[in-house]
Amino acid sequence: MASYDVIVIGSGPGGYVAAIRCAQLGLKTACVEGRETLGGTCLNVGCIPSKALLHASHMLHEAEHNFAAMGLKGKSPSVDWKQMLSYKDETIGQNTKGIEFLFKKNKIDWLKGWGSIPEAGRVKVGDDTHEAKNIIIATGSEVSTLPGVEIDEKTVVSSTGALELPKVPKKLVVIGAGVIGLELGSVYSRLGSDVTVVEYLDHVTPGMDGEVQKNFHKLLKKQGLNFIMGAAVQGVEAMKTKAKVTYKLRKDDSEETLDADVVLVATGRKPFTDGLGLDSLGVEMTERGQIKTDDHWQTNVKGVYAIGDCISGPMLAHKAEDEGMAAACVIAGQHGHVNYGVIPSVIYTHPEVAAVGKTEEQLKEEGRAYKAGKFSFMGNGRAKANFAADGFVKILADKETDRILGAHIIGPMAGDLIHEICVAMEFGAAAEDVALTCHAHPTYSEAVREAALACGDGPIHS
Ligand code: NAI
């Protein structure tokens, strides 16, 4: 029986980051992972592979739509799907091997297998039981499907199966206009699929700022994605190579059907805690099946911590990473800190969508006096040169103090631009602080500055 200061269960972005930080803080650390490779959902079947396909399909879109205008003539590239999948797999491999290297570098033992916790201070992996002064559960989440919809990962797929389809489907129906549905829907639409998104609500991307939702929805329609909104999917009938989706329109309860070659179920995810033995250990859970933790990521069982998708909060890799680092600090006797008010969220479509802090709807609901400074990428020279002038930056600031309360960006590199605002918010900055900061010309980031200027005396370029 090996003995450790910390055993982390799960090697996704939450788990592997926690393990590395624990090791860096001088704790003898192991990480349990049952997959063939490290990195969890994010690296193996989530964030990273989807970004590879988004990148490749965006390149195709650029070639088809913008090359000729830039004087780049010739036949558009055709899709070699097998090669595109190899490129995606190669990308996954580089990243998962990178973590293996980091584990070796930090002297972290990879305990291969699925872990369970027979009692506090013990982790069982296969036939071996290991001693652990502290345990961090970082087991992530799994797909949450709908009643009447069975995922076979062939005709009816989750995001996992959608990254491995044997060919680009002619007709793809996506259930759910959330992050996964729109990212993967965009990929296949660009690759030539006829994509229809069926969404229960009347807007896309629940929880996002309303103005961004509207603009984003419009742009996606312009790109060729079809939407059936206000439609509750009732079930999917899967045949060998086809499927039939039945949905009910909320406005009049009428029932309709849609045929598809492939159906992607993207209706959310739920915490994955199966097989850990949390019940017999007596770990308290929330009504939504999340592990309950205190302010220091400790469960009600002393020495057992939990982070990431399996606890409350947004299911985002970077939120899990932050919690992983913070929990490691707490275990090492230091102060662990996560500012839940400043966690960015990004949708990696084209244009990208990014947000941090409060939406206008939330501020209105809170009755907070605020001002909104907005700037369109149409006024940004770099965006115009790059055929990327769709979208805008919106900064929300306190009406009295000018302190930034939130920012919403739809446009080129929005997922990178948002971090300027994250840093500003961490420092408690006012919109004026961003407005008075020199921004290099010509960059997309000037649009952020202009939105900050719009919170004060006004932007220059609109
Ligand atoms: P989601 O929660 O973002 O969206 C699910 C959508 O499905 C909602 O719009 C919901 O109204 C709709 N829906 C639910 N039941 C329905 C029904 N019966 N008929 C029609 N529509 C229905 O979930 P998604 O996209 O599956 O993502 C899961 C999680 O993974 C999210 O927490 C997301 O934040 C995370 N994720 C984040 C990414 C990123 O940060 N770029 C990328 C991929 C996933």
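The values are calculated or read from the model by the stated rules, or taken from the named source; none is laboratory data. This structure is a prediction, so every number in the text was calculated from the model and none was measured. FYI the Cβ positions are ideal-geometry reconstructions off the backbone, even for glycines, and counts take in every protein chain you see. With ligands, DNA and RNA removed, areas are computed over all heavy atoms of the protein, side chains included. Shrake-Rupley method; radii C 1.70, N 1.55, O 1.52, S 1.80 Å.
Quick notes
- Scanning region 404-416 for residues that are under 20 Å from F387 (Cα atoms) and surrounded by 24 or more Cβ atoms within 10 Å (Cβ to Cβ) gives I409, I410, G411, A414.
- Those strands (runs of 3 or more DSSP E) lying entirely in region 246-305 with at least 2 residues more than 17 Å from K319 (Cβ to Cβ) and aliphatic (A, V, I, L, M): 255-260, 262-265
- A residue that is over 30 Å from P49 (Cα atoms) and touching a Pro at 6+ places or on another chain (Cβ under 7 Å) occurs nowhere in region 409-423.
- Of everything listed in (1) within 11 Å of the ligand (Cβ to nearest atom); (2) in contact with an Asp or Glu (Cβ under 9 Å, 6 or more places away or on another chain), the single unmet condition for V123 is (1).
- In region 131-147, residue nearest to the chain's Cα centre (by Cα) [restricted to those that are closer than 24 Å to G26 by Cβ and open to solvent by 20 Å² or more (accessible area, probe 1.4 Å)]: N134
- Test: N226 is away from the ligand (no atom under 16 Å from the Cβ) and of a type in the set (S, T, N, Q): no
- Across region 293-346, the number of residues qualifying as open to solvent by 60 Å² or more (accessible area, probe 1.4 Å), in contact with an Asp or Glu (Cβ under 7 Å, 6 or more places away or on another chain) and among the polar types (S, T, N, Q) comes to 1.
- Only residues that are under 18 Å from I135 (Cα atoms) and open to solvent by 20 Å² or more (accessible area, probe 1.4 Å) were counted in region 24-58, giving 6.
- For region 377-403, filtered to residues that are more than 19 Å from T205 (Cβ to Cβ) and among the charged types (D, E, K, R), the residue that is surrounded by the fewest Cβ atoms within 10 Å (Cβ to Cβ) is E400.
- Enumerated strands (runs of 3 or more DSSP E) restricted to region 345-462, each holding at least 1 residues that are closer than 30 Å to M315 by Cβ and charged (D, E, K, R): 352-357, 370-376, 392-398
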